Amino acid sequence: MPSIESTSLLFSVVFAAALAIATIIRLWLATRQIRHVAHHRPMVPREFEQAIELSAHQRAADYTIARQRLGLIDIVLGAAVLLGFTLLGGVQWLTQLWSMIWPQPGIWRGLAVILSVVVIAGVIDLPLSWVRQFVIEERFGFNRMTLRMFIIDGLKSMLVGAALGLPLIAAILWVMQQAPDTWWLWAWGLWISFNVLVLVLFPTVIAPLFNKFEPMQDGPIKERVQQLLDRCGFASKGLFVMDGSKRSSHGNAYFTGMGRAKRIVFFDTLLERLSPDEVEAVLAHELGHFKHRHITQRIILSFAMSFLGLALLGWLATQGWFYQGLGVTPQLGDWAAPALILFFLALPVFTFLLQPLTSLWSRRHEYQADAYASQTTHARHLISALVKLYKDNASTLTPDPLHSRFYDSHPPASLRVARLNQLLEPSS
């Protein structure tokens with residue numbers, strides 16, 4: 001029977017190897033993306049020559065390359081921070097520090113350790129967030145956020161996260177103490193309840209803390225949208241316009257809420273750029289996700305994966321090698337917080353290679369939603385809307401195929417438009 005020391009050493013080696021492999025693959029894919037986009041920068045793809053001028057294509061290429069280069073730093077920094085928290089003893093040091101400040105083990109000390117990890121990771125990421133917003137987004141004309149707004153948004157996010165997250169973590173720590181054998185099942189129930197609560201609160205409580213939402217004014221767009229909803233039998237709580245332009249010039253639209261309380265939200269920037277026909281087509285695409293129950297499928301998958309993950313953690317939390325292999329020696333009666341921290345730090349390293357599967361599944365959903373939009377409106381209108389959005393949002397038309405297969409939740413522009421053109425042909 002292997003000793004805990006030998007097993008923990010083996011696990012340390014496996015974790016370090018998995019982190020190294022994941023980091024190398026991520027860096028390799030990012031550099032592929034940079035080279036591929038740069039190589040195709042001089043010429044607009046033939047299928048977009050009539051719709052997108054060369055200057056817009058080159059701007060999108062430069063924007064993509066700039067974001068990827070910052071992403072290279074993010075990848076290396078993320079790996080270093082993860083090593084610092086685990087094998088180099090960061091979580092262990094924080095646990096010991098709080099045990100001196102708060103000698104009595106329990107929920108409050110566990111919360112303090114978890115919160116310390118979250119705050120440290122957030123502070124480390126802050127410079128990259130600033131560069132992303134005030135250097136890259138500013139350089140390409142997307143940023144409309146002031147430094148004051150950036151700080152206020154950050155503080156609001158922290159407060160909302162604390163108000164929602166701390167009670168959840170405290171409840172999970174409590175059930176871990178009260179039911180050490182079956183706590184993970186109770187935690188799964190808490191996690192599901194938490195997600196449902198967020199879905200309910202987001203439209204009317206959380207989102208309005210950051211943006212202003214006003215009912216869509218009467219006019220051609222609202223009329224077309226309402227007619228589409230009636231044709232599709234879709235009930236919603238209302239149509240709203242969000243002041244997305246106060247932070248960014250990017251455009252978007254989304255659904256939020258549950259059941260008949262669903263809201264449809266359009267960014268004001270989107271409505272400024274698209275015609276009524278195009279807005280209707282974009283909304284029809286989003287309705288396609290509901291028609292095919294994509295949202296429900298994703299929620300079910302999320303809950304199923306969280307069940308499996310917590311069941312795995314329920315077993316790992318009883319294994320000494322799991323803690324020691326990730327640089328922690330938990331004190332007697334103080335295992336819950338380190339177990340949660342280490343598991344959620346290490347899990348992405350081992351699930352990284354599943355990313356292409358989730359991306360593939362998501363892209364299939366996008367094709368299905370496009371097909372639904374072409375049936376309920378017209379594929380030509382969706383094509384023109386997508387081309388405008390690709391141009392206005394500086395989305396590259398020439399992503400590296402392997403990078404796209406690995407990461408992209410949406411099909412590349414050329415493949416998506418080609419599929420829509422195929423759908424257009426029978427009705428032309």
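Quick note: the coordinates plus some simple rules give every number you see, no bench work behind them. Note that this is a predicted model, so its numbers are computed, not measured. Virtual Cβ from ideal backbone geometry, glycine too; neighbours counted across all protein chains shown.
Summary of values
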quantity: Helical mean residue ellipticity (222 nm; -39500 (n - 2.57) per DSSP H run of 4+; nearest 500) of the chain; calculated: -23000 deg cm²/dmol
quantity: Euclidean distance between Cα centres, region 22-99 to region 381-403, Å; calculated: 19
quantity: Overall Cα dimensions of region 211-271 - principal axes, largest extent first, Å; calculated: 34, 27, 16
quantity: Candidates 123, 44, 387, ranked by Gaussian network fluctuation over the chain, Cα under 10 Å, top entry; calculated: 123
quantity: Among 58, 133, 227, residue whose mean-square fluctuation peaks in a GNM of the chain (springs only between Cα atoms under 10 Å); calculated: 227
quantity: Region 201-213 - phi-based ³J(HN,Hα) in whole Hz, Karplus 6.51/-1.76/1.60, Gly and Pro as x; calculated: 7, 4, x, 9, 10, 7, 4, x, 5, 10, 9, 9, 10
quantity: Theoretical FRET efficiency, 1/(1+(r/R0)^6), r = Cβ-Cβ of residue 129 and residue 235, R0 41 Å, to 0.05; calculated: 0.60
quantity: Packing rank of 313-321, 363-371, 263-271, where each peptide gets the mean count of other beta carbons within 10 Å, highest leading; calculated: 263-271, 363-371, 313-321
quantity: Within a Gaussian network of the chain (alpha carbon springs, distance under 10 Å), most fluctuating of 51, 60, 18; calculated: 51
quantity: The chain, relative contact order [Cα under 8 Å, separation at least 6], %; calculated: 24
quantity: When each of 156/391; 246/391; 156/291; 222/291 is checked by Cα-Cα distance, pairs over 28 Å; calculated: 156/391; 156/291
quantity: Cα gyration tensor category, rounded, prolate or oblate, for region 1-82 with a/c compared to 1.5; calculated: prolate
quantity: Helix 54-85 vs. the chain, principal-axis angle (Cα, 0 to 90°, nearest 10); calculated: 10
quantity: Cα centroid of region 284-351 to Cα centroid of region 202-233, whole Å; calculated: 35
quantity: Potential lengthening between residue 166 and residue 58 on full extension [0.36 nm per residue; Cα-Cα distance subtracted]; calculated: 34.4 nm
quantity: Calculated from backbone phi, Karplus (6.51, -1.76, 1.60) coupling profile of region 152-160 in Hz, x at Gly/Pro; calculated: 5, 4, x, 5, 4, 4, 4, 5, 5
quantity: For region 240-257, 3J(HN,Hα) per residue [Karplus equation, 6.51 cos²θ - 1.76 cosθ + 1.60, θ = phi - 60°, Hz, x = Gly/Pro]; calculated: 10, 10, 9, 7, x, 5, 6, 10, 7, 8, 5, x, 6, 8, 7, 9, 8, x
quantity: On Cα atoms only, tilt of 336-351 relative to the major axis of the chain in degrees; calculated: 50
quantity: Cα radius of gyration and Dmax for region 79-164 (Å); calculated: 16.7, 53
quantity: Amide hydrogen neighbours beyond the local backbone of residue 263, cut-off 5 Å, H modeled; calculated: 237, 256, 257
quantity: Convex hull projection area averaged over all views, the chain, Cα basis, nm²; calculated: 22.5
quantity: Angle between the chain longest axis and helix 379-392 axis [Cα atoms, degrees, rounded to 10]; calculated: 60
quantity: Length added when fully stretched, residue 245-residue 179, from 0.36 nm per residue minus Cα-Cα; calculated: 18.9 nm
quantity: Region 250-399: radius of gyration and largest Cα-Cα distance (Dmax), Å; calculated: 21.6, 66
quantity: FRET efficiency, 1/(1 + (r/R0)^6) with R0 22 Å, evaluated for residue 151 and residue 31 via beta carbons; calculated: 0.05
quantity: P(r), alpha carbons of region 267-337 - 5 Å bins starting at zero, rounded %; calculated: 3, 12, 13, 11, 9, 9, 8, 7, 7, 9, 8, 4, 1
